[in-house]
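Can you read through this structure? Questions will come right after.
Since every read-out is calculated from the coordinates, none of them should be taken as a lab result. Bear in mind that the values here come from a model prediction, so they are computed numbers and not experimental data. With ideal geometry, Cβ positions are generated from the backbone for all residues, glycine too; neighbour counts draw on all protein chains shown.
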Amino acid sequence: MMIHSFPHTRLRRNRHDDATRRLVSETHLHVDNLIWPIFVCEGEKQRQKVQAMPGVERVSLDLLAEHVRPAVELGIPAVALFPVTPMEKRDEMGTEALNPSNLMCRAARILKAAYPGLALVGDVALDPYTSHGHDGLVRDGQILNDESVEVLRKQALNQAEAGIDIIAPSDMMDGRVRAIRSTLDENGYQTTRIMAYAAKYASAFYGPFRNALGSDALLGGDKKSYQMDPANSDEALREVAMDLAEGADMIMVKPGMPYLDIIRRVRDSFAAPTFAYQVSGEYSMIMAAIENGWLDREKTILESLMAFRRAGCHGILTYFAVEAARLLRAR
Ligand code: PBG
């Protein structure tokens, strides 16, 4: 790199006015970069506030198409569906995950019919359906890998049959991407995409999400035997390499803002479509400060999302997606 020096070079010149700043901007945030996670629940006319996530609601299926309309009108390319499964439908094996008319599948059919051009992301993991709140099957206190994968591949197929376009395994079992890919292919779903939660950390920042799903009280123990240790970075590259080799089309890092270093390494190492999840705890932190008057709402939301783009993300799963899309349109 050529070394320039003051006073010949003044870096402030390129920051002089808005037009110039726009000309030299290295990164852009666009509605195309946004994926909106949505919580769906049973019942009718339900809009239940999620206590730890101000502004986020669980909505019943009769209201779902209306709920999603603003996202579609703003041009958000995809939504990610998360079902709130009632206790009586949960069991040890997560059987409800395989029910063709479970909440997730019904939600997918409604949205596919209403908005054929909207891409639907389906989370694959058993935690919304298990009585113990784990992402896989449990025996003698151990989370079983290969047995869980056998259920996950059927769960993925069930979702594809309901119209889910992008299967997003978030369970962190070894080998699940390969198993899901072959099951999809064997059943005629060669074009169904896989966005692997490749580097997913055992994080405290998922707390409000588990509260939204009602799985927080169920979960005895933690997910450290399958989700990654926050201390590790090289291991994230191995996880991503394996998921890509197994057939993932897109990979994800999660959580987001505390893991921007991982995003950058992943993008530089693999040059593959890279996503991050600005998770519930990140949302709640920002919202708490906004509601206290400690942070400026619009500037903070957009800066937090721009940071993901600068770190190398193609797209971001964010609970701010609709608001961010509105802000971007207004500019
Ligand atoms: C579960 C899943 C989790 C999230 C997405 N899928 C939580 C977990 O692993 O316990 C977290 C999302 C968020 O915190 O916003 N497979």
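How far apart, in nanometres, would the label points at residue 289 and residue 98 be if each is projected 7 angstrom from Cα along the Cα-to-Cβ direction?
4.6 nm
Just to be sure I understand: if I project the alpha-carbon convex hull of segment 97-152 onto a plane and average over all orientations, what area do I get in nm²? Write down the numbers at each step before the final one.
Values: hull surface 17.5 nm².
That works out to 4.4 nm², a quarter of the Cα hull's surface.
Quick check: the distance between the Cα centres of segment 148-227 and segment 255-287, to the nearest angstrom?
18 Å
Taking 0.36 nm per intervening residue step and subtracting the Cα-Cα distance, what contour gain separates residue 24 from residue 131 on full extension?
Fully extending the segment from residue 24 to residue 131 adds 33.2 nm.
Here's something else I'd like to know. Can you compute the radius of gyration and Dmax for segment 190-240, using only the Cα atoms, both in Å?
13.6, 38
Shifting gears a bit: Hey, what number do you get for the chain at 222 nm if only DSSP H runs of n ≥ 4 count, each worth -39500 (n - 2.57), divided across all residues, to the nearest 500? Before the final figure, lay out the partial values.
Numbers: 11 runs with 125 residues, N = 331.
The helix contribution divided over the chain gives -11500 deg cm²/dmol.
Fewest Cβ neighbours within 10 Å first, please rank 104, 242 accordingly.
Ordered from fewest to most neighbouring Cβ atoms within 10 Å, 104, 242 come out as 242, 104.
Viscosity 1.002 mPa s, temperature 20 °C: what is the translational diffusion coefficient of segment 21-113 from Stokes-Einstein with a Kirkwood Rh over Cα pairs, rounded to a whole number of µm²/s?
Values: Rh = 15.1 Å.
D, rounded to a whole number, is 142 µm²/s.
With 10 angstrom as the radius, rank 229, 127 by how many other C-beta atoms surround their C-beta, starting from the fewest.
Listing 229, 127 from fewest to most nearby Cβ atoms yields 229, 127.
Okay, moving on. Just check segment 155-262 against the gyration tensor rule for me: Cα atoms, a ≥ b ≥ c as the square roots of the eigenvalues, rounded for a/c under 1.5, and otherwise prolate or oblate depending on whether a/b exceeds b/c. All intermediate terms of the calculation are to be shown ahead of the outcome.
On the way: a/c = 2.14, a/b = 1.36, b/c = 1.58.
The shape class here is oblate.
Still on this structure: When 1/r is averaged over all different Cα pairs and the result inverted, which Kirkwood radius in Å belongs to segment 247-324? Mind showing how you got there, number by number?
Working: mean 1/r = 0.0779 Å⁻¹.
Kirkwood hydrodynamic radius for segment 247-324: 12.8 Å.
DSSP loop (so not H, G, I, E, B), at most 12 other Cβ within 10 Å: list which GluC sites (Glu not before Pro) in segment 13-53 pass both filters.
Values: sites: 26, 42, 44; in loops: 26, 42, 44.
Sites meeting the loop and neighbour criteria: 26, 44.
Provide the descending list of Cα extents for the chain along its principal axes, expressed in whole angstroms.
That works out to 69, 44, 39 Å along the principal axes.
Among 254, 299, 112, determine the one that fluctuates most according to a GNM of the chain built with springs between C-alpha atoms less than 10 Å apart.
299
Just to confirm the filter: which chymotrypsin sites (Phe, Trp or Tyr not before Pro) across segment 276-319 are DSSP coil and have at most 11 other Cβ within 10 angstrom of their Cβ? Write down the numbers at each step before the final one.
Working: sites: 277, 283, 294, 308, 319; in loops: 294, 319.
Passing both the DSSP loop test and the Cβ count: 294.
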